[in-house]
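No value in this document is a laboratory result; all are computed from the given coordinates. Keep in mind that this is a model prediction, so the values were computed, not measured. Glycine gets a Cβ as well: all are built from the backbone with ideal geometry, and neighbour counts include every protein chain shown.
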Amino acid sequence: MDLPNLSIASLGGTVSMQARVFGEGVVPTVSGATLLASVPELRTLARVTVETLQLLPSASLSFEHLLSVLRWANTQIELGAVAVVLTQGTDTLEESAAFFDLLWDHDEPLVLTGAMRSAAQTGADGPGNLLDACQVGLAESSWRRGVQVVMNGQIHSAQAVRKTDSMALQAFSSPVVGPAGLLLEGDVHYFHPPRQRHVLPLPQRSTHKVALLQASLSADSLLLENVLALGYDGLMIAGFGAGHVSETWAGKIDAIARKIPVIVATRCDCGPTARSTYGFKGGEMDLAKRGASMAGFVCPRKSRILLWLLLGCQRQDDLARYLRLLQY
Ligand code: ASP
């Protein structure tokens with residue numbers, strides 16, 4: 001039988017981790033090829049190419065790493081792969097997924113997965129997640145959906161998914177909208193048809209910086225005051241509640257927003273920023289008047305990625321439009 005070509009790359013993370021020395025904790029050591037060997041069924045579903053592109057804890061992945069992974073993934077599609085699957089650490093999976101989704105210019109699926117239990121642990125979830133991710137990649141119903149995250153039998157769209165539990169097997173969820181689909185008895189089920197996608201041009205530079213500051217009770221404003229002096233090109237604020245900051249912070253926003261784009265998202269785990277509810281100093285209406293863009297449903301981390309990518313291709317003037325396009 002003529003099997004489809006499927007390309008898999010591993011970047012590291014718990015899915016690739018094992019203890020080198022007993023008692024010293026797990027570190028990324030397991031290659032993509034070894035991971036693949038733990039899922040023998042895959043050989044009956046596809047002709048698989050596997051590469052180890054990185055062996056890093058996902059906290060140490062950078063946008064430069066992701067851009068080089070993207071170049072590799074684009075080449076795989078050009079060479080005839082019907083899908084690309086990436087394994088990486090779960091700590092930053094939601095950010096990589098959003099990053100790739102904004103740049104993935106193919107109908108073919110790009111699927112990300114990882115594991116909550118390391119490779120040598122009893123009940124390791126990596127092999128099952130990898131098989132699920134490949135099945136999602138190989139399903140025709142995954143086409144024209146951009147990037148999907150597959151974990152623990154669920155499919156999540158890249159822009160909605162968040163890591164919402166630090167240790168549980170069920171670590172990922174998509175607040176407000178729920179998962180995009182499920183794997184049931186090896187079949188891939190999506191709950192809705194694909195949404196229209198909005199792909200950005202590749203960044204022409206990667207040295208620019210977007211700061212992310214989280215509002216917290218009685219916080220000083222030293223970092224905020226120095227954002228421009230420190231050379232940041234954009235500022236992302238994870239605000240209180242529906243997108244709010246203190247009066248002190250609010251007073252600093254105008255001057256910053258005159259120079260660089262400022263986005264305010266909610267630091268809450270679920271829900272959007274408001275637009276026309278609160279009129280106090282530091283509330284969303286006030287911040288919008290001071291020049292900040294409100295992120296709506298887009299979480300602080302994904303808003304920062306959007307801004308970084310827009311700055312990278314000189315499209316920062318399109319920020320409000322892209323934030324609108326990413327709402328539910
Ligand atoms: N705990 C993480 C994981 O699940 C470690 C990492 O993100 O690299 O993979």
What does the highest-first list of 108-119, 25-36 look like by mean Cβ count within 10 Å?
108-119, 25-36
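Return the calculated 222 nm mean residue ellipticity for the chain, to the nearest 500 deg cm²/dmol, obtained by summing -39500 (n - 2.57) across DSSP H runs with n ≥ 4 and dividing by the residue count. It would help to have the intermediate numbers written out before the result.
Numbers: 10 runs with 93 residues, N = 328.
Theoretical 222 nm ellipticity from helices: -8000 deg cm²/dmol.
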Which log10 I(q)/I(0) values, to two decimals, does the stretch 1-82 give at q = 0.24 Å⁻¹ under the Debye formula with one point per Cα?
-1.15
Mind checking the angle between helix 247-259 and the chain's longest principal axis? C-alpha axes, 0 to 90 degrees, to the nearest 10.
80 degrees
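Rounded to the nearest 5, what % of the DSSP beta bridges within the stretch 1-137 are antiparallel ones?
Values: 3 of 19 bridges.
Among the beta bridges of the stretch 1-137, antiparallel pairing accounts for roughly 15 percent.
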Please tell me the relative contact order of the stretch 32-92 in percent, rounded to the nearest whole number, where contacts are Cα pairs under 8 Å and at least six residues apart.
35 percent
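Taking R0 as 25 Å, what FRET efficiency do you get between Gln196 and Thr277 from their Cβ-Cβ distance, rounded to the nearest 0.05? Numbers along the way, then the final one.
Working: r = 29 Å, r/R0 = 1.15.
Plugging the Cβ-Cβ distance into 1/(1 + (r/R0)^6) gives 0.30.
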Quick one: Cα centre-to-centre distance for the stretch 4-79 and the stretch 201-239, in angstrom?
31 Å
Describe numerically, in nm with one decimal, the distance between label points set 7 Å from Cα along Cα→Cβ at Arg258 and at Leu182.
5.5 nm
Would you mind checking the tilt of helix 300-312 against the longest principal axis of the Cα atoms of the chain, expressed as 0 to 90 degrees and rounded to 10?
90 degrees
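Let me check I have the definition right: for the stretch 179-327, take the eigenvalues of the Cα gyration tensor, multiply each by 5, take square roots. What are those semi-axes in whole Å, largest first?
Numbers: eigenvalues 169, 78, 36 Å².
They are 29, 20, 13 Å, listed from largest to smallest.
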Counting only DSSP beta bridges fully inside the chain, the antiparallel percentage to nearest 5 is 35 percent
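Can you check what the Kirkwood hydrodynamic radius comes to for the chain, Cα pairs only, in Å to one decimal?
Working: mean 1/r = 0.0487 Å⁻¹.
It is 20.5 Å.
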The stretch 81-163, dipole about Cα centre (Lys/Arg Cβ +1, Asp/Glu Cβ -1), debye to the nearest 20:
220 debye
Ratio of Rg to Rh over the stretch 51-173 (Cα coordinates, Kirkwood Rh, two decimals):
0.93
To the nearest 10 degrees, the tilt of helix 63-78 (Cα long axis) against the first principal axis of the alpha carbons of the chain is 40 degrees
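If you wrap the stretch 99-232's Cα atoms in a convex hull and average its projection over all directions, what's the area in nm²?
Details: hull surface 46.4 nm².
Here the figure is 11.6 nm², rounded to one decimal.
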State, to one decimal in nm, how far the label point of His208 lies from the label point of Thr164, with both points 7 Å from Cα in the Cβ direction.
3.2 nm
